[in-house]
Amino acid sequence: MKIPFIDLHPQQALLRKETAAALAALNRRGDFILGQDEKEFETEFGRYIGSPHAVGLNSGTDALFLSLKAMGIGPGDEVIVPAFTFIATSNAVAYCGAKPVFCDIDPETFCMRAEDARKVMTRRTKAVIPVHLFGQCCDMDALRALCAPRKIRIIEDACQAHGAAFKGAKAGAMGDCGCFSFYPTKNLGGWGDGGMVVTADAKLHKDLCVLRDCGRSSRYVHSTVGYNSRLDSCQAAVLRLKLKRLDAWNRRRQAIARSYDTLLGKIEGVTTPKTQRGSTHVYHVYAIKTRDRDGLAAFLNAEGIGTMINYPIPLHLQEAYSHLGYHSGDLPAAESVCGEILSLPMHPFLTDAQVRVICARIRRYLKK
Ligand SMILES: *Cc1c(COP(=O)(O)O)cnc(C)c1O
């Protein structure tokens, strides 16, 4: 049995008729940029997250970048990001001319903690970007308690956490703003690139609308050097249909995670992921830790089971950031997790039988 790491085909098949109808309606209207689907999707997604404002953008990377821009963050400023995340998080900081300052993570939940951020905070720290990694929220109470008195902004990177929650509040609704990606393989993914910022801050919302549309403050007036970073209507039309299924798909991901937890929990040499108290995990990624990670990955690959490593190299040791002068040993938890982590197949259409086969193969390898 071949089990791919991710399979989008069942999702596409399920929605084939509805997406065709939605795209046909868009074709008739012809409002391809900032049209009806885009506006409706902003309203629906904002309501889903519980945020009064939402701005559709062309990617999650731009959601982060334009949020920093709109907050006026630039050269001379520092922004704290975890060393264990996708590189887009820190790239967004670098695009503004600000300095990404990497912090360590909790090796059990893979999220950054307030105490990790506090260790690297300086007078120049203007913002912190907690990443709700793999679909689990950081402890936002502790982060807010740290940042609010110091007037440090919080930009949530919720690109892997559509529908995740912490103590009842949704990912993206707890910081100054929340950034989302609709890259096709995310829990909510389009047919190409897409992104969104949600916020309760009316001024931030207004500035983001200007920045994404060539700096346009009214039809012929450009109040700033803006960008072209709009969410297109085709993506919005597809995403509107998928948003209606997001909760059901996330529940299925949670059920799969519970099966993995049960079946793998008994195998010596495997550490299953931890969920922190108060957290609703939506398992964008289900990642185990094991000493012989590369051996296990090669074995599973030979058995036809797809795996991924999210992520093998911590950001402070990436070549792109060598100019910042970090060394191995600087952020030990992130570095140790990078050496042991392995992501297993996870998507809402993975079957119970497939989960059992994956776990049986892992057991067979580790028993040897
Ligand atoms: C996917 C992702 C991004 C970037 O989103 P794009 O839409 O691909 O630009 C940023 N941060 C994290 C944590 C991500 O997983």
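Please give the number of the condition Tyr95 fails out of (1) surrounded by fewer than 21 Cβ atoms within 10 Å (Cβ to Cβ); (2) within 16 Å of the ligand (Cβ to nearest atom); (3) closer than 17 Å to Ile152 by Cα; (4) among the hydroxyl-bearing types (Ser, Thr, Tyr).
(3)
Among what's in segment 104-115 and is buried (at least 23 other Cβ atoms within 10 Å of the Cβ) and away from the ligand (no atom under 12 Å from the Cβ), pick the residue that is farthest from Ala161 (Cα to Cα).
Filtering segment 104-115 for residues that are buried (at least 23 other Cβ atoms within 10 Å of the Cβ) and away from the ligand (no atom under 12 Å from the Cβ), the one farthest from Ala161 (Cα to Cα) comes out as Asp104.
Taking segment 76-91 as the region of interest, how many residues are surrounded by 24 or more Cβ atoms within 10 Å (Cβ to Cβ) and in contact with a Lys or Arg (Cβ under 9 Å, 6 or more places away or on another chain)?
1
Mind listing whichever residues of segment 33-56 are surrounded by fewer than 14 Cβ atoms within 10 Å (Cβ to Cβ) and hydrophobic (A, V, I, L, M, F, W, C)?
Passing the criteria: only Ile33.
Can you run down the residue pairs with Cβ atoms below 7 Å, 6 or more apart or on separate chains, where the first is in segment 295-320 and aliphatic (A, V, I, L, M) and the partner is exposed (fewer than 13 other Cβ atoms within 10 Å of the Cβ) and outside any strand (DSSP E or B)?
Matching pairs, first to second residue: Leu317/Ser328.
So, of the residues in segment 31-79 that are more than 15 Å from the ligand (Cβ to nearest atom) and among the β-branched types (Val, Ile, Thr), which turns out to be farthest from the chain's Cα centre (by Cα)?
The residue in question is Ile33.
If you check Asp7 against the conditions, is it surrounded by fewer than 24 Cβ atoms within 10 Å (Cβ to Cβ), assigned to a loop (DSSP other than H, G, I, E, B) and more than 23 Å from the chain's Cα centre (by Cα)?
In short, no.
Looking at Lys126, is it more than 13 Å from the ligand (Cβ to nearest atom), outside any strand (DSSP E or B) and over 26 Å from Gln254 (Cβ atoms)?
No; evaluated as a whole, the condition is false for this residue.
Could you name every one of the helices (runs of 4 or more DSSP H) located completely within segment 214-308 that has at least 3 residues being polar (S, T, N, Q)?
In segment 214-308, 246-265 are the helices (runs of 4 or more DSSP H) which contain 3 or more residues that are polar (S, T, N, Q).
Among the residues of segment 260-280, is there at least one that is of a type in the set (Lys, Arg) and in contact (Cβ under 8 Å) with a residue 60 or more places away in the chain?
yes
Does segment 231-248 include one or more residues that are within 17 Å of Gly135 (Cα to Cα), touching a residue at least 12 places away in the same chain (Cβ under 8 Å), of a type in the set (Asp, Glu) and away from the ligand (no atom under 16 Å from the Cβ)?
The answer is yes; a qualifying residue exists.
Applying the selection to segment 129-154, what residues are part of a helix (DSSP H, G or I) and of a type in the set (A, V, I, L, M, F, W, C)?
Of everything in segment 129-154, those that are part of a helix (DSSP H, G or I) and of a type in the set (A, V, I, L, M, F, W, C) turn out to be Leu133, Phe134, Met140, Ala142, Leu143, Ala145, Leu146, Cys147, Ala148.
Take the residues in segment 177-190 that are over 13 Å from Gly135 (Cβ atoms) and touching a Leu at 6+ places or on another chain (Cβ under 7 Å); name whichever of them is farthest from the ligand (Cβ to nearest atom).
My answer is Cys177.
A short reminder: the numbers here are calculations on the coordinates, not readings from a lab. All figures in this text were calculated on a predicted structure; none of them were measured in a lab. All Cβ positions, even for glycine, are placed from backbone atoms using ideal geometry, and neighbour counts span all protein chains on display.
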